[in-house]
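Visitor: Sharing a structure here in structure tokens format.
The values are calculated or read from the model by the stated rules, or taken from the named source; none is laboratory data. Keep in mind that what you see is a predicted model, and the values were worked out from it rather than measured. Here the Cβ positions follow ideal geometry from the backbone for every residue, glycine too, while neighbour counts run over all protein chains shown.
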């Protein structure tokens with residue numbers, strides 16, 4: 001299917017306010033754990049003109065503001081932009097396309113993107129746009145989930161689907177969700193976009209959840225691509241997947257619930 005179909009699929013999913021709020025309340029507690037490292041990698045500091053692409057509820061932009069930066073947030077979802085404006089009324093947020101930014105060349109000192117890249121139809125185009133709007137010497141940094149065998153929350157779900165259902169459910173074709181879990185893929189794309197001095201690290205993160213079923217429910221109700229895959233399974237397969245996740249996550253049980261490893265891959269580079 002054409003890439004535009006994937007764009008529409010993602011945009012439609014992330015336009016649902018309830019889904020955005022569920023993601024914010026659950027997986028948002030994980031994705032915020034690497035914000036400090038992300039801003040450090042992009043050299044965001046006092047006075048930095050900073051563009052936060054795929055801002056979601058605006059947490060990264062809000063953290064940049066606390067550093068004394070001058071943040072602007074952008075997201076393709078009006079629902080997310082509304083949430084961000086409500087949370088951080090002093091920051092400028094706008095709806096827009098990461099692959100066709102409306103800003104002039106060299107407008108920013110730093111561009112950041114926290115877990116947005118897997119949702120772009122053409123992530124290398126988005127990187128070239130980030131390069132374009134950066135000043136010379138400016139820094140770009142982005143995060144994605146680590147490989148599924150290490151980002152256990154997602155990895156266990158997809159493994160259970162393969163075991164008890166099917167991953168081939170007719171979703172629009174898009175980039176591999178874990179494409180940039182590979183540090184070498186990050187470096188290749190950054191260099192291809194024109195950046196220099198690419199650096200890739202891993203940031204430990206933990207998903208704390210009250211139960212294994214809560215993780216299943218979050219994937220079902222607070223994501224787009226993974227949720228669509230789960231919802232396409234038969235009811236019998238869904239129940240088998242739920243049972244399999246209880247067994248897999250039992251290893252990570254703690255007194256207060258579960259602590260599931262969900263590390264982030266953090267890549268950064270410089271516009272030379």
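Visitor: Being in a loop (DSSP other than H, G, I, E, B) and more than 21 Å from the chain's Cα centre (by Cα) is the filter here; which residues of the stretch 175-196 pass it?
Guide: If the condition is that a residue be in a loop (DSSP other than H, G, I, E, B) and more than 21 Å from the chain's Cα centre (by Cα), then 194 is the only one that fits.
Visitor: I've got another one for you. Take the stretch 17-35 and flag every residue that is loosely packed, with under 15 Cβ neighbours inside 10 Å and touching a helix residue (DSSP H, G or I) at 6+ places or on another chain (Cβ under 7 Å).
Guide: 17
Visitor: Taking residue 43 as the residue in question, decide whether it is surrounded by fewer than 21 Cβ atoms within 10 Å (Cβ to Cβ), at pLDDT 95 or above, out of contact with any helix residue (DSSP H, G or I) (no Cβ under 8 Å at 6 or more places or on another chain) and within 25 Å of residue 199 (Cα to Cα).
Guide: For residue 43, the condition - surrounded by fewer than 21 Cβ atoms within 10 Å (Cβ to Cβ), at pLDDT 95 or above, out of contact with any helix residue (DSSP H, G or I) (no Cβ under 8 Å at 6 or more places or on another chain) and within 25 Å of residue 199 (Cα to Cα) - is met.
Visitor: Identify all residues within the stretch 59-80 that are free of Cβ contacts under 8 Å to residues at least 40 places away in the same chain, in contact with a helix residue (DSSP H, G or I) (Cβ under 9 Å, 6 or more places away or on another chain) and surrounded by fewer than 24 Cβ atoms within 10 Å (Cβ to Cβ); write none if there are none.
Guide: Result: 62, 63, 67, 70, 72.
Visitor: Considering each of 31, 22 in turn, give the residue that is at negative phi and touching a strand residue (DSSP E or B) at 6+ places or on another chain (Cβ under 8 Å).
Guide: On inspection, the qualifying residue turns out to be 31.
Visitor: Against the definition (without any contact (Cβ under 8 Å) to a residue 60 or more places away in the chain, within 22 Å of residue 28 (Cα to Cα), over 14 Å from the mean Cα position of the chain (by Cα) and surrounded by fewer than 19 Cβ atoms within 10 Å (Cβ to Cβ)), how does residue 92 come out, yes or no?
Guide: So residue 92 passes the test.
Visitor: Identify all residues within the stretch 4-16 that are within 10 Å of residue 79 (Cα to Cα) and either in contact with a strand residue (DSSP E or B) (Cβ under 7 Å, 6 or more places away or on another chain) or crowded, with 19+ Cβ neighbours inside 10 Å (or both); write none if there are none.
Guide: 14
Visitor: Something else about it: Which of (1) over 14 Å from the mean Cα position of the chain (by Cα); (2) surrounded by fewer than 21 Cβ atoms within 10 Å (Cβ to Cβ) is the odd one out, the single condition residue 118 does not satisfy?
Guide: Status for residue 118: all satisfied but (1).
Visitor: Ok, one more. Quickly run through the stretch 155-174 and pick out the residues that are at pLDDT 95 or above, surrounded by 17 or more Cβ atoms within 10 Å (Cβ to Cβ) and either touching a helix residue (DSSP H, G or I) at 6+ places or on another chain (Cβ under 7 Å) or assigned to a strand (DSSP E or B) (or both).
Guide: 156, 157, 160, 161, 164, 165
Visitor: Give me the pairs, please: first residue somewhere in the stretch 170-188 and on the phi > 0 side of the Ramachandran plot, second residue anywhere and buried (at least 17 other Cβ atoms within 10 Å of the Cβ) and modelled with pLDDT of 95 or more, beta-carbon distance under 6 Å, and either six or more positions apart or on two chains.
Guide: Nothing qualifies.
Visitor: When you scan the stretch 113-138, how many residues do you find that are in contact with a strand residue (DSSP E or B) (Cβ under 8 Å, 6 or more places away or on another chain) and within 23 Å of residue 76 (Cβ to Cβ)?
Guide: Qualifying residue count, the stretch 113-138: 13.
Visitor: Could you count how many residues in the stretch 125-141 are part of a strand (DSSP E or B) and surrounded by 21 or more Cβ atoms within 10 Å (Cβ to Cβ)?
Guide: 5
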